[in-house]
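Before any comments, here is the structure.
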Amino acid sequence: MSTVLVGYGSIEGQTRKISRRVAQKVEAMGHQAVLYDLSEKHDDAEWPNPDAVIIGAPIHEHHFPAAVKRYLKAHSDRLKELPGMFLSVSLGAMSDDEGDKADLRKLCQDFAKSVHWASIEVHQIPGALRYTEYNFFKRFILQQIMRAAGGPTDTHQDYEFTKWDELDDIVEGFVKRELDEKAVA
Ligand SMILES: Cc1cc2nc3c(=O)[nH]c(=O)nc-3n(C[C@H](O)[C@H](O)[C@H](O)COP(=O)(O)O)c2cc1C
C-alpha cells in the first residue's frame with residue numbers, strides 16, 4: 001500500500017470537494033490518501049512521507065491561491081522527487097476554444113515553473129458556479145463572464161460542471177501508472 005498526499009487550496013469549496021473525491025478514489029484503489037488543506041499551517045513533523053502527490057487548486061482572477069503556491073515552493077525539494085499530478089480547477093476548463101485552452105496551459109506552466117515543479121502532469125478540471133453563495137460583486141462579475149462565454153446566467157441557482165467519472169478515470173490512470181505498475185516492475 002502506498003501513500004498519496006492529496007493537497008488542495010479552495011476558496012469557494014469546489015476544489016475541496018474535488019480533492020475529497022480524489023482521496024476516496026485513491027483509497028478505493030487500496031492506497032492511503034492523506035488530505036491536506038494547504039491554506040492551513042502544517043507542522044513539518046507531520047510530513048506523511050508520500051509515494052506520490054496530487055495537488056488541486058482553483059483559478060480565481062487568473063491566479064492560483066497564494067497559499068498553494070507558498071506550500072509548493074516551501075516543499076519543492078521533496079515534491080519534485082515524487083510522481084505528481086496537478087488539478088487546475090476553473091470555469092475556463094469547460095471552453096472548447098483553442099485560444100482559451102492555450103491560455104490555461106500557459107497559466108499552469110507558469111505556475112508550475114514558479115514553484116520549481118516544471119515536469120508535473122497537469123489536468124484541467126471544470127469547477128462550479130455558486131451564484132447563490134457569492135456576494136453581490138462576485139455574482140455580478142461571474143454573470144458578466146458567463147454572458148460573454150455563453151454560460152448560465154440565472155443567478156438564482158448554482159451550477160456544478162465537474163465531471164466526476166472523468167475525474168475518477170484521471171486519478172485511476174495516475175495511480176495505476178505511478179504506483180501499481182511501478183510496484184510490480
Ligand atoms: C471571483 C471569482 C473569480 C474567478 N476567476 C476565474 C478565472 O479567472 N478563470 C477561470 O477559468 N475561472 C474563474 N473562476 C471560476 C472558479 O475557478 C471556479 O468557480 C472554481 O470552481 C472555484 O474553485 P473553489 O470553489 O475551490 O474556489 C472564478 C470564480 C470566482 C468566484
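The values are calculated or read from the model by the stated rules, or taken from the named source; none is laboratory data. Note that the structure is predicted; figures quoted are calculated from it, not measured. Backbone-built Cβ (ideal geometry, glycine too); neighbour counts: all protein chains shown. All accessible areas refer to the heavy atoms of the entire protein, side chains included, with ligands and DNA or RNA removed. Shrake-Rupley method; radii C 1.70, N 1.55, O 1.52, S 1.80 Å.
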Original post:
For the stretch 70-166, with every protein chain kept in place, what is the accessible area per residue (1.4 Å probe, Å²)?
Top reply: 59
Original post:
What does the accessible area of Met29 come to, in Å² to the nearest 10, when a probe of 1.4 Å is used?
Top reply: 50
Subject >> Nonlocal amide H pairs with Ser2, under 5 Å, H built at 1.01 Å >> reply: Gln32
Subject >> Partner lysines for Lys106 [C-alpha distance under 24 Å; skip if fewer than 8 residues away on the same chain] >> reply: Lys69, Lys73, Lys80, Lys163
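For the stretch 72-142, what is the relative contact order in percent, using Cα pairs closer than 8 Å and at least 6 residues apart in sequence?
Working: 62 pairs, mean separation 30.4, N = 71.
The normalised contact order for the stretch 72-142 reaches 43 percent.
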Subject >> Phi-based couplings in Hz for the stretch 166-183 (Karplus 6.51, -1.76, 1.60; Gly and Pro marked x) >> reply: 5, 4, 4, 5, 4, 5, 4, x, 5, 5, 4, 5, 8, 10, 5, 6, 5, 5
Original post:
With contacts defined as alpha carbon pairs under 8 Å and 6 or more residues apart, what's the relative contact order of the stretch 1-113 in percent?
Top reply: 28
Original post:
Across the stretch 13-24, in residue order, what do the Karplus-derived ³J(HN,Hα) couplings come to in whole Hz, using 6.51 cos²θ - 1.76 cosθ + 1.60 with θ = phi - 60° and x for Gly and Pro?
Top reply: x, 5, 5, 4, 4, 4, 5, 5, 5, 4, 4, 4
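Computing the accessible area with a 1.4 Å probe over protein heavy atoms, can you report the carbon and sulfur percentage for the chain?
Values: 4990 of 10120 Å².
Ligands and nucleic acids excluded, carbon and sulfur reach 49 percent.
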**OP:** Quick one: net charge around Glu121, please, counting Lys, Arg +1 and Asp, Glu -1 for every other residue with C-beta under 10 Å from its C-beta.
**Re:** 0
**OP:** May I ask you to evaluate 6.51 cos²θ - 1.76 cosθ + 1.60, the Karplus curve with θ = phi - 60°, for each residue of the stretch 114-130 and list the ³J(HN,Hα) values in order in whole Hz, giving x for glycine and proline?
**Re:** 5, 9, 6, 9, 5, 8, 5, 6, 10, 10, 9, 10, x, x, 9, 10, 10
Original post:
Relative contact order, percent, of the stretch 61-185 when contacts are C-alpha pairs under 8 Å separated by at least 6 residues?
Top reply: 25
Subject >> Accessible surface, 1.4 Å probe, highest first, among residues Leu82, Leu87 >> reply: Leu82, Leu87
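Sorting Arg21, Arg78 by accessible area (1.4 Å probe), largest first, what list results? Please list the in-between numbers first.
Values: Arg21 65, Arg78 90 Å².
Accessible-area ranking of Arg21, Arg78, largest first: Arg78, Arg21.
Which order do you get for Phe64, Phe161 if you rank them by accessible area with a 1.4 Å probe, largest at the top? Can you show the working numbers first?
Values: Phe64 25, Phe161 45 Å².
Largest accessible area first, the list is Phe161, Phe64.
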Subject >> Whole-angstrom Cα spans of the chain along principal axes, big to small >> reply: 50, 31, 30
Original post:
With labels modelled as points extended 7 Å from the Cα through the Cβ direction, what inter-label distance (nm, one decimal) is found for Arg139 paired with Arg105?
Top reply: 3.8
Subject >> Computed accessible area, Glu181, all protein chains, 1.4 angstrom probe, square angstrom >> reply: 110
Original post:
222 nm [θ] for the chain, helices only, -39500 (n - 2.57) per DSSP H run of 4+, per residue, to 500?
Top reply: -12000 deg cm²/dmol
Original post:
At a probe radius of 1.4 Å, what is the per-residue accessible area of Arg105, in Å² to the nearest 10?
Top reply: 130
